[in-house]
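Report on the structure given below.
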Amino acid sequence: MSHAWPAGAGRIASSGGRGAAARGWVVLALCLFVLPALVSVPARAQTQVQRPQAQPGEPGGGQGDAEEVRRLFRQAVSLGVTERELGRLVESARRAGFTEGELQRVLRLVAGARLGGLPHFDLLNKLREGLAKGANPDAIQAALEHKAQSLRRAKGLADSLILEGWSTRDYSLTVQMLSDALDAGAGAADILRSVREGTPCGEGMPDLRSAFRSGGPGK
């Protein structure tokens, strides 16, 4: 028994075939173009998150670095460091290539020396000397840190002698002279013996006897 197809059934089937083919092309296009783009978005986002940021003190550092330099500068001035002299040295250091982070370390050393009762002008002189010689920032920083440590040791020696009864003619100058002796290679024992016994500290060393009043403790 034969079946008669409704009129137009062939056209419907043909149309349905074309529609299925079109949908297939759409799916293929999605697979080829849209999905890879969607997958690449998280990768790009991850790359942006993992990108290293400029660290404080490095070229391209944030505004916060400059703000911290200004804060430390004001702090040093409020402690008694001469504003004009310090300002000129900071600008000279910038021109010499110091980063904001390196300037922060310099200002902390200067402010800390002033706060600790050390002759901070010795650090300023050391900074000025390094800049004049064209030394690189790392070398200048190392020299400043070494000098700050030497000044702290010298202050400890001066305080010990004062507690023994010795008196100084100029406390800052005394600390500076003891620091110079330490930098020249004298040991703490050599310095104490030189002052107590009134003998030279060593060849090429500063005469430490002139830093203390003659007569010894209690005189």
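None of the figures in this text is laboratory data; all of them are computed from the coordinates on show. Treat the numbers as computed from the prediction; the structure is a model and nothing was measured. Ideal geometry is used to build each Cβ from the backbone, glycine not excepted, and the neighbour counts take in all protein chains shown.
Measure off 7 Å from each Cα along the Cα-to-Cβ vector at Arg169 and Thr199, then give the distance between these two points in nanometres to one decimal.
For Arg169 paired with Thr199, the spin-label model returns 2.3 nm.
Which value, in Å to one decimal place, does the Kirkwood hydrodynamic radius take for the range 75-214 when every pair of different Cα atoms is included? Write down the numbers at each step before the final one.
Working: mean 1/r = 0.0631 Å⁻¹.
With all distinct Cα pairs of the range 75-214 included, I get 15.8 Å.
Quick one: length gained pulling Thr82 to Arg213 fully straight, 0.36 nm per residue minus the C-alpha distance?
On the way: separation 131, 0.36 × 131 = 47.16 nm, distance 2.98 nm.
Once the chain is fully extended between Thr82 and Arg213, it gains 44.2 nm.
Fewest first, what order do Ile162, Ile140 take by the number of other Cβ atoms within 10 Å?
Taking fewest neighbouring Cβ atoms as first place, the list is Ile162, Ile140.
Fewest Cβ neighbours within 10 Å first, please rank Phe73, Phe121 accordingly. If you can, show how the numbers build up before the last one.
Numbers: Phe73 20, Phe121 17.
Least crowded to most crowded, the residues run Phe121, Phe73.
So, in nm, how far is label Arg152 from label Lys133 when the simple model puts each one 7 Å beyond its Cα toward the Cβ?
2.3 nm
With 10 angstrom as the radius, rank His146, His120 by how many other C-beta atoms surround their C-beta, starting from the fewest. Intermediate values should be presented prior to the final figure.
Values: His146 12, His120 25.
Lowest count first: His146, His120.
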